[in-house]
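Beneath this line is the structure, given in structure tokens, with notes to follow.
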Amino acid sequence: MLPFFRPAFISFVTLLAAPLFAQQNLFNIPSGDITPKNKVFYQHQINLYSSKFESKSHFVYGLGKGWDVGVNLVGTGAMFRPDWKLLQNDVRSQGAVYPVVLATLQKQFVLSDRINVNVGTQAGTNLTHFADRKTFAQFTYGLATYQLGPGRRVVAGPYVTNSALVGPGNHAGVMMGYEWKLTDKWYLMGDWLSGRNDTGVGVLGAMFWPGKHVQLCGGLLLANPNTPKPNGFVLEVNILGWTARH
């Protein structure tokens, strides 16, 4: 490569590797984004059902060179019918355990100006007062992202998990999602996980940018047939520690 082209080439590759939408998850699957080096990202999601709500928290720190790490707190919330009580299950025979705290690690490989591939894992344990009821939970995935154009992309890939996190049913499957830019502030957004387990759901929704560092998302949650989840609604707020391009 000619010396006077090298700075421009490096800037071009860096631009391609930078996150366009800067979301760590769409609704229920990873988005294919990576948090920039030394920056932080926080996402909080609430799933509303007829008799309960579930809460998920997701904090990420960018390491650089396509890596980020973080921590998830999944499965907090409360029942409000027939009586109010906090959500908790630490008995494996009764399905997925919760709440669960998971360490996260993700690596992105930039293959071209349109295609990225991410490999990641989320692993940890449930929160319980009983040491003998603690159990290992994990969710490991690969995800390919294809940019259809400015503000438009699709993602898809396989996942492998275990019964501690998703309960009975299949422990491997596929996931897919999309983002579609309507205006500078509005996007259509959705995702889906295959399977007859506690995470086998799809979401159809939208995203709104009220400011440079905040995204508000909402959608209709549709459970797969023969899964333990009912239908519901999803509300999500994302807080970015940097100014993202969108």
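Please state which of the following conditions Gly205 fails to meet, knowing it meets all the rest: (1) open to solvent by 70 Å² or more (accessible area, probe 1.4 Å); (2) touching a Cys at 6+ places or on another chain (Cβ under 8 Å).
Here Gly205 clears every test but (1).
Do we find a residue being of a type in the set (Asp, Glu), open to solvent by less than 30 Å² (accessible area, probe 1.4 Å), closer than 19 Å to Val74 by Cα and within 18 Å of the chain's Cα centre (by Cα) anywhere in the range 170-183? Quick ask: steps written out before the conclusion?
Going through the range 170-183, the residues of a type in the set (Asp, Glu) turn out to be 179.
Then drop every residue that is not open to solvent by less than 30 Å² (accessible area, probe 1.4 Å), which leaves 179.
Among the residues that remain, those that are also closer than 19 Å to Val74 by Cα are: none.
The answer is no; no qualifying residue exists.
Go through (1) more than 16 Å from the chain's Cα centre (by Cα); (2) crowded, with 17+ Cβ neighbours inside 10 Å; (3) closer than 25 Å to Arg92 by Cβ one by one and return the number of the condition Gly151 breaks.
All conditions are met except number (3).
Could you run through the range 160-204 and say how many residues are in contact (Cβ under 8 Å) with a residue 12 or more places away in the chain, part of a loop (DSSP other than H, G, I, E, B) and out of contact with any strand residue (DSSP E or B) (no Cβ under 7 Å at 6 or more places or on another chain)?
8
Any residue in the range 78-97 that is over 21 Å from Gly195 (Cβ atoms), among the polar types (S, T, N, Q), in contact with an Asp or Glu (Cβ under 9 Å, 6 or more places away or on another chain) and in contact (Cβ under 8 Å) with a residue 12 or more places away in the chain? Working first, answer last.
Filtering the range 78-97 down to residues over 21 Å from Gly195 (Cβ atoms) leaves 78-88, 90-91.
Within this subset, residues satisfying the condition of being among the polar types (S, T, N, Q) are 88.
If we keep only those that are in contact with an Asp or Glu (Cβ under 9 Å, 6 or more places away or on another chain) as well, we get none.
Among the residues of the range 78-97, not one is over 21 Å from Gly195 (Cβ atoms), among the polar types (S, T, N, Q), in contact with an Asp or Glu (Cβ under 9 Å, 6 or more places away or on another chain) and in contact (Cβ under 8 Å) with a residue 12 or more places away in the chain, which makes the answer no.
Of all residues in the range 215-229, which are outside any loop (DSSP other than H, G, I, E, B) and open to solvent by 20 Å² or more (accessible area, probe 1.4 Å)? Before you say what the answer is, go through the steps one by one.
As a first pass, look at the range 215-229 and keep what is outside any loop (DSSP other than H, G, I, E, B): 215-223.
The answer is Leu216, Gly218, Leu220, Leu222, Ala223.
What's the number of the condition Tyr159 fails, among (1) surrounded by 18 or more Cβ atoms within 10 Å (Cβ to Cβ); (2) touching a Lys or Arg at 6+ places or on another chain (Cβ under 6 Å); (3) closer than 19 Å to Trp192 by Cα?
In the conditions (1) surrounded by 18 or more Cβ atoms within 10 Å (Cβ to Cβ); (2) touching a Lys or Arg at 6+ places or on another chain (Cβ under 6 Å); (3) closer than 19 Å to Trp192 by Cα, Tyr159 misses (2) alone.
Of the conditions (1) assigned to a strand (DSSP E or B); (2) in contact with an Asp or Glu (Cβ under 9 Å, 6 or more places away or on another chain); (3) surrounded by fewer than 17 Cβ atoms within 10 Å (Cβ to Cβ), His129 fails just one. Which one is it?
(1)
In the range 189-246, what residues are among the basic types (Lys, Arg) and either under 19 Å from Tyr98 (Cβ atoms) or within 18 Å of the chain's Cα centre (by Cα) (or both)? Give the steps one after another, and end with the answer.
Restricting attention to the range 189-246, the residues satisfying the condition of being among the basic types (Lys, Arg) are 196, 212, 229, 245.
Within the range 189-246, Arg196, Lys229 meet the criteria.
The values are calculated or read from the model by the stated rules, or taken from the named source; none is laboratory data. Just so it is clear, the structure is predicted and the values come from calculations on it, not from any experiment. Positions of Cβ are backbone-derived with ideal geometry, glycine not excepted, and every protein chain shown enters the neighbour counts. Accessible surface areas use protein heavy atoms only, side chains included; no ligands, DNA or RNA. Shrake-Rupley method; radii C 1.70, N 1.55, O 1.52, S 1.80 Å.
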